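To start, the structure itself, in structure tokens.
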Amino acid sequence: MAAFLIADSGSGAEGPRSLTTDEASRLAITRFRNYQARGRAVTITVPGTAGGLTVTGSVDYRHKVGYGVVHGTGRDRSSDGLIQWTPTSVHVRPMTDAPAHAPASPPRSGWYERGLLASGSALDTSLSIALGLGGDRPDNAELLPQNGAAWWGREQVDGHRVDVMTGPSSPDRSGTAGNVRYWIGSDGTMYRVRVSVASQPEPVVIDFDTHTYVPVEPLPGTTPAR
């Protein structure tokens, strides 16, 4: 994911300052919390110079697969429809009148498959970022502040009091601390993530628990990852 990121200079901050021990612990477990939950309901706001896209759906963090519905915002509806994605592939089903929420069971026909692009697509970058927000073990809390993670302030997200923190430098790219901004609750639950994407004027924003989580069913004829 690090290859997609540039510095995020968002506003509304009270910091930055170094993380406390408690804050570092919560940042260290926040992706693991998503994995523990098995999956989360997400709304992914994808930027674009010709209008954005919104993906409303669910991400299964155990099987690394997402499923939802895409709507164009400030643009035509040519990209509207259902979508299911993994770290390597994207399945799309165009729809002229896409519903507000994807059906729990994906339709059996009408899907088109392609590879997930590693660069050059704000949508694919956003989908990849969303899948990367779950991990099967906590991060190292001691290393986070050493590598540049910081506290920026406190806010409210959908009634939840959260701390706003920025992540550390990527292990393979020094100087990237602060590229990802997290809104994290008192128990380490992730409520929002914002990531700046190269060549895009606005950041990708991923909001959690915006609707009821529906477990992701594989498309007919496909096998979920283990």
Of the residues in segment 101-119, those that are touching a Lys or Arg at 6+ places or on another chain (Cβ under 8 Å), open to solvent by 70 Å² or more (accessible area, probe 1.4 Å) and closer than 20 Å to Lys64 by Cβ come to none
Just for segment 135-152: of the residues that are surrounded by fewer than 18 Cβ atoms within 10 Å (Cβ to Cβ) and charged (D, E, K, R), which one is farthest from Glu14 (Cα to Cα)?
Asp136
Among the residues of segment 104-117, are any touching a Phe, Trp or Tyr at 6+ places or on another chain (Cβ under 9 Å) and under 28 Å from Ser199 (Cβ atoms)?
yes
Take the residues of segment 38-51 that are among the aliphatic types (A, V, I, L, M) and in contact with a Ser or Thr (Cβ under 8 Å, 6 or more places away or on another chain): which is surrounded by the most Cβ atoms within 10 Å (Cβ to Cβ)?
Val46
Of Ala122, Ala98, Ala130, which residue is open to solvent by less than 60 Å² (accessible area, probe 1.4 Å), touching a Gly at 6+ places or on another chain (Cβ under 9 Å) and over 24 Å from Arg192 (Cα atoms)?
Ala98
Look at Thr73 and say whether it is closer than 21 Å to His211 by Cβ, open to solvent by 50 Å² or more (accessible area, probe 1.4 Å) and touching a Leu at 6+ places or on another chain (Cβ under 7 Å).
yes
Could you count how many residues in segment 48-63 are closer than 10 Å to Val216 by Cα and touching a Pro at 6+ places or on another chain (Cβ under 9 Å)?
3
Among Tyr35, Tyr61, which is the only one that is among the aromatic types (Phe, Trp, Tyr), in contact (Cβ under 8 Å) with a residue 40 or more places away in the chain and either open to solvent by 60 Å² or more (accessible area, probe 1.4 Å) or touching an Asp or Glu at 6+ places or on another chain (Cβ under 6 Å) (or both)?
Tyr35
In segment 1-112, which strands (runs of 3 or more DSSP E) lie fully inside it and hold 1 or more residues that are closer than 30 Å to Asn140 by Cβ and modelled with pLDDT of 95 or more?
39-46, 52-60, 65-73, 81-85
Those residues that are of a type in the set (Phe, Trp, Tyr) and assigned to a loop (DSSP other than H, G, I, E, B), I need them from segment 191-216; list them, please.
Tyr213
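The values are calculated or read from the model by the stated rules, or taken from the named source; none is laboratory data. Remember, it's a predicted structure, so these values are computed and weren't measured experimentally. FYI the Cβ positions are ideal-geometry reconstructions off the backbone, even for glycines, and counts take in every protein chain you see. In case anyone asks, the SASA skips ligands and DNA or RNA and just uses the protein heavy atoms, side chains included. Shrake-Rupley method; radii C 1.70, N 1.55, O 1.52, S 1.80 Å.
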